[in-house]
Structure formats: C-alpha cells, structure tokens
Amino acid sequence: MDGYALAVWIVRLAFLALLYVFLAAVTRILLRDLRGAAVGRASSLGRLVVVASDVAEPTAGQAFALGAVAPIGRDVNNAIVVDDSFASAEHAVLTFRGRTWYVEDLASTNGTFVNGLRVAGLAAIGFGDEVQVGRVRFRLERPPA
Amino acid sequence: MTAPAGPVPLARPTARARLRPAPRPRELALLGIVAVALLAGSASLGATERALAGQPAVLAPVHPFQLGIYLAALLAAHLAQVVAGRRTDQVLLPAVGLLGGIGLLLMERLPQDLVGASIAGRSLGLSDVHLVWLLVAIGAATAVAVAARSDAWLRRYKYTWAAFGIALLLATFVLGREVDGALLTISVGPLSGQPSELLKVILVIFLAGYLSEFRPILATESTRLGPIRVPPVPYLLPMLAMWAVAFLIVVFQRDLGAAFLFFAVFLALLYIATGRAAYVVLGVALGILGALLAYRLFGHVRARVDIWLDPFADPLGAGYQVVQSLYAFARGGVFGTGLGAGLPLVDGRLPVPAIHTDFPLAALGEELGLAGVLAILGCYLVIVERGLRIAASAADDFRALLAAGLALVVGVQAFIIAGGNLRIIPLTGITLPFISYGGSSLLANGIVVGLLLALSDRGVGPPPAPRTPGGLRFRLGSRRGSAAPVGPATPARPATPAASAR
C-alpha cells in the first residue's frame, strides 16, 4: 500500500472519528448542563411572581417558591401575605394536586380572580395564568429549571 | 413550606436598546470540530472522485468553494448571535450544521443531473441548488433567532395560524401536482414547494396554543364512558378532528409520512400537556383503527405495507427501491465504503431514483457505514434533547409545549424516514431533516431551529399576560390608588382562561 492510499484511508476514517469527537464534545456539554440543572433545581412545584401591586407587601417583582399548598391572605400566618385591606385574612389557597395547580377561594369578601374572572370555589389554573387577590396581581410560573 | 425567594427583577431592559455582544465559546468550539470533520469528509470524497475519474491524485476537498461558503454561513450565523448578544442554546447550531454539511457532501457526491436549474444562464447542478437552500435555511434560522423577541405573535393568533394551515392543506388538494403517486407539491409560477413541511411547524404552533389554553381542563376533568374515563366531550373533538385531518391526508394526498408525523406529534404534545396515559391509549387506538381502515380501503396504503412486509416478493418492481436500500446498507458494513466509493451505477444510473430526497440515509449507510449512520442518528437525538431541555426550563406552558413540539417534529420525522429506509416501518415519502435535498424541507426545518433558539434565549422577557375576556381586565398598577377590583357581576364560574374570550 503506497503512502497516498494510506493517507486517503486515514482521512476517510478520520471523518467518521471526527463525527464521534463532535458527539463526545456535545455530550460533555449536555451532561454538565444536566448536572447543573439537577443541583440548581429547587424542590418547588412552581413560582408565584407579583406582576403588579398597589400595596407595600408584596412588592411588584417579588417571587415566591411554592410548595404543594400555599395559602394567601392578609393574616401573617399565610405562606403569601398580602398586606391589603381589600384582602381577607384567609383569602385563597393555591394547591398542587398531582397534575395541575388549583386556586380555591376561601369565601373571601372581595373575591379571587383568575385572568379577570372571579373564581367560585375551586378552579384549575395553568402556568402563565394570572391570579388577583386584593390589589395584587400574581402570575403562576413554572419552577426555574 | 413556602418561602419568598426574594425580589426578582421582572422588567429587564430589552436588548433592543443597544447591542451588547456576548461571546459564545462553546458554539464556536463545536463549529470548529464541525469544520474540521467536514473538511476531512470533503477531502476523502475528493480523493476518491479524482481516483475514479483518473485525475492526478490530490488529497483535497472536492468542491472547496462550496464547502467554504457553507462554513462561512455557519460562522456568520454564529457571529450574528454574538453581536446581537443572544444567550441562546449553543449546541443546536453546530449539530444542525453538521447534519447540513453531511447533506452537502452527499449532494456533491451524487450525480449532479438529478436536479437541474439554470439561473442567469448558468446551469446549476444538484449540489449548487442544495447549497443555496442550505444558505436560505441558515439565514431563516438566524433571522428568527435574532429577531423574535416576543412570542405573542405566535400565541395570540393560534386560530389564524390554524386557518392558514388548513388553507395551505386545501390549496394542496386543489392546486397540487401529483409526484410519484402523492399529491404533495404546489406550483405557483416558477416556485414550487411542499406545503406539508411548513404545515408541520404551523401545526405545532397551533397545538401549543390550544393545549396551553385548555391544559388545566384537559388534565383534570373527565367524563365516564362506561368503565373508561375519557376527556370531557367538547375537548375530545379536537382529537377527533386531528384524526380526521390525518386520515384525509392519507386519502387525498396519499402522503402517509405527513399523516403519521402529524398524528404522532399531536399525541406526544397531548401527553406532555396533560400527563394522562388514557389520552395516548385512546389516540393510539384511533390511529390503529385508522391504519386498518386505510389498509382495507386504499390500494396505495396496502401496496406500501405489502412492500414493507415482503420487499423480495417483487424485487425488480414494487419492492425495488426498498431492496436496493437494504443492499446499500449491507454493502456499507461497519465503516462504509468511504464517501464517493459506494452506490454502484446500474446502466449508468443510480439504482434508487429518489436517493437525494427519500433515501439519503441509505446512501450514507453505504458510504459511511453503521458508524456513520449511528453518528447521524446521534445528532438527531442531540437536537431532540436540546428541545426537551428548552421546554423543561421554559417559563410557561405555551413555550414549553412549543419547544417540545418543534423538537419532536424533527425527531419523529427523522425516525419515520430512517425507519422506512431500514425497513423498520413501511416506507413513506418524507424528507430526512437537514440532510435531504428539498427547499421546503430545509426552509421549514431552518425556521424550526430558529424558533428553538429564540425559545432558549435566557435574556428574553417574561411571557405576555394571558388574554382575558373583553373589558374585564383590571389595570392594576397602572392607576395608583384605584379602588378595589371591580369584578364582573356575572355569576362566578371556574375560570377557564379565555374560554369565553371569543
């Protein structure tokens, strides 16, 4: 076998090898990315972000990491305290039940609103929907990945 | 249980105000590997072609100019995102670039008279036209990735998109031209294209909008139908409609691949949105029912299935392409014959006429072998993985479903045609994404990559507020000191966001 044929043969296999070099480099990046995501993942099921607020607490831009049950109201024992005279002490509760989030109005005086519609009792909500309690508007967001 | 995560700045200044270049070192490094790999492949092809043509032996790229233009376009796409300061995914572009480059090498290697076009008196061969479409696709991907700063134009007008898609489908029925027994191609003047490629993108956009809107209802409510629980009837209708559309495509367009692709992506998205296996079981049952019906009723479906079950029954007639494809894979072995050395001609012609559109994987299987085919399938896996990761870290349901759907469309399409070439499933005429020759396919997949890149942008603003029934939105925060929310006096009902928005 002369040198040229050998070189051609080597380049031919080098092309295949380089495809795998590329895949290996990509895999390294993907693994690092996945590991970072696994470390950074909070044990939360969602985030409640304050979109707009007319009161002192909470302020617009604030975000709450949500557990499976998150009561909202004026009372300080709520997970999410809305310091607003238009909010009831125990105003509403957000619950995650297996597949999706629900918001339940706890017979509040001024009502709980999802995307502008008043909730009667229990309503399923999706990520991206807006929930209003008193003069505070929240948006439910997916947990940061 | 619940803890405030501290203030999060919401209103980031949009990057439109000024350009802040952001380096993308990983993408550049991966593109470097892609460039070296393609140079090696091109040199190998060049040496073989020169040896076959009896020219002096030089180990150099076969068409250095074409390869140079292609690599420059990839670099330009990279630089455009660097300059625009986009913090988008850095793996997608190199993975797609590698597949596109392999496609370009394949088109350079095939007989150039498979496709003929002449522009301004200069006749263009297969690889020239392919290169032009590759550049268009890269341009489209970059433009979408850099320019798309909001997804409102996609999510707000989902019914408009759906109407556009249906119009496109009907246009194919009416204006379509029959090619190889399938009604796929529309010609308007000098332009011709395959609408089903664009249709798959529109379908994903519509499904993402529809499913994200009704996800809570679909995921939680159900009606009992005897022993099984099915989705509430009004929301079952889209599923039946989808099934009917797929069936109509099979009947009228004779495009089995597109029908399979659309229905599979629909079921996958439905499962991602709801997490309910019952929907998938129901959908698969409907799909099997439709397949059996089509097999019974339509000759073209039966022919495909019969060829799949036994291509050697008529190896020189109906089963010819599939048999030749299997032989090509067998000749390739583990490491292949090398680019340019395979694909023996029969009577001066390639044994498989549609090798550049429907059988590129068979050609690559022969010349790059099992190792090459596995690497190519690995690239598709990488693209799907990136799409699902982008979906997992999306801020809301629409973006998550859109990213997952776009990635799955590419993955499922690659599976359908690869499986068809390998005789794992019946062969259907659909393109291998990013590799096959075909302008519509390359352009549509370029848009898919652009949308995925745009969705992965970590610097982009939060999703727009959900649409509310007309006039009921509280302008809270815009008018300070406004009174308590004035709710609608109508009897309260469970909020189905925008169920009554129209």
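Restricting attention to region B:245-262, which residues are under 17 Å from B:Gly420 (Cα atoms) and in contact with a Phe, Trp or Tyr (Cβ under 6 Å, 6 or more places away or on another chain)?
Listed by number, the list is empty, since nothing qualifies.
Hey, any hits in region A:12-26 for a residue that's farther than 21 Å from A:Thr109 by Cβ, at pLDDT 85 or above and more than 8 Å from chain B (Cβ to nearest Cβ)?
Within region A:12-26, one or more residues are farther than 21 Å from A:Thr109 by Cβ, at pLDDT 85 or above and more than 8 Å from chain B (Cβ to nearest Cβ).
So which residues in region B:47-65 are away from chain A (no Cβ under 12 Å) and polar (S, T, N, Q)?
B:Gln55
One line per residue, one yes/no per condition, for (1) assigned to a strand (DSSP E or B); (2) under 19 Å from the mean Cα position of the chain (by Cα); (3) without any contact (Cβ under 8 Å) to a residue 60 or more places away in the chain:
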{"position": "B:Ala354", "(1), (2), (3)": "no, no, no"}
{"position": "B:Ala362", "(1), (2), (3)": "no, no, yes"}
{"position": "B:Gly369", "(1), (2), (3)": "no, no, yes"}
{"position": "B:Gly378", "(1), (2), (3)": "no, yes, yes"}
{"position": "B:Leu381", "(1), (2), (3)": "no, yes, yes"}
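Within region A:109-145, can you find the residues that are among the hydrophobic types (A, V, I, L, M, F, W, C) and assigned to a strand (DSSP E or B)?
A:Phe113, A:Val114, A:Leu117, A:Leu122, A:Ala123, A:Ala124, A:Ile125, A:Val131, A:Val133, A:Val136, A:Phe138, A:Leu140
Given the criterion out of contact with any strand residue (DSSP E or B) (no Cβ under 6 Å at 6 or more places or on another chain), at pLDDT 85 or above and aromatic (Phe, Trp, Tyr), identify the matching residue among B:Phe298, B:Phe266.
B:Phe266
Would region B:2-22 turn up any residue that is in a helix (DSSP H, G or I), loosely packed, with under 14 Cβ neighbours inside 10 Å and either modelled with pLDDT under 90 or of a type outside the set (Ser, Thr, Tyr) (or both)?
For region B:2-22, residues in a helix (DSSP H, G or I), loosely packed, with under 14 Cβ neighbours inside 10 Å and either modelled with pLDDT under 90 or of a type outside the set (Ser, Thr, Tyr) (or both): absent.
Which residues, taken from region B:384-440, are outside any helix (DSSP H, G or I) and of a type in the set (Phe, Trp, Tyr)?
B:Phe434, B:Tyr437
Taking B:Ile33, is it in contact (Cβ under 8 Å) with a residue 60 or more places away in the chain, within 13 Å of chain A (Cβ to nearest Cβ) and in a helix (DSSP H, G or I)?
It is true that B:Ile33 is in contact (Cβ under 8 Å) with a residue 60 or more places away in the chain, within 13 Å of chain A (Cβ to nearest Cβ) and in a helix (DSSP H, G or I).
Looking at region B:423-430, is at least one residue surrounded by fewer than 24 Cβ atoms within 10 Å (Cβ to Cβ) and either among the charged types (D, E, K, R) or within 14 Å of chain A (Cβ to nearest Cβ) (or both)?
Within region B:423-430, one or more residues are surrounded by fewer than 24 Cβ atoms within 10 Å (Cβ to Cβ) and either among the charged types (D, E, K, R) or within 14 Å of chain A (Cβ to nearest Cβ) (or both).
So in region A:60-107, with the set limited to residues that are hydroxyl-bearing (Ser, Thr, Tyr) and more than 7 Å from every other protein chain (Cβ to nearest Cβ), which one is farthest from A:Val119 (Cα to Cα)?
A:Ser85
Quick one: would you say A:Gly36 is out of contact with any Gly (no Cβ under 8 Å at 6 or more places or on another chain) and assigned to a loop (DSSP other than H, G, I, E, B)?
No.
Search region B:268-294 for residues that are free of Cβ contacts under 8 Å to residues at least 12 places away in the same chain and pair each with any residue that is surrounded by 19 or more Cβ atoms within 10 Å (Cβ to Cβ) when their beta-carbon atoms are under 6 Å apart and the residues are at least 6 apart or on different chains.
Close Cβ pairs (under 6 Å, with a partner that is surrounded by 19 or more Cβ atoms within 10 Å (Cβ to Cβ)) do not exist here.
Confirm whether A:Leu117 is within 25 Å of B:Ser212 (Cα to Cα), in contact with a Ser or Thr (Cβ under 8 Å, 6 or more places away or on another chain) and among the hydrophobic types (A, V, I, L, M, F, W, C).
yes
The values are calculated or read from the model by the stated rules, or taken from the named source; none is laboratory data. Since the model is a prediction, treat every value here as computed from it, not as a measurement. Glycine gets a Cβ as well: all are built from the backbone with ideal geometry, and neighbour counts include every protein chain shown.
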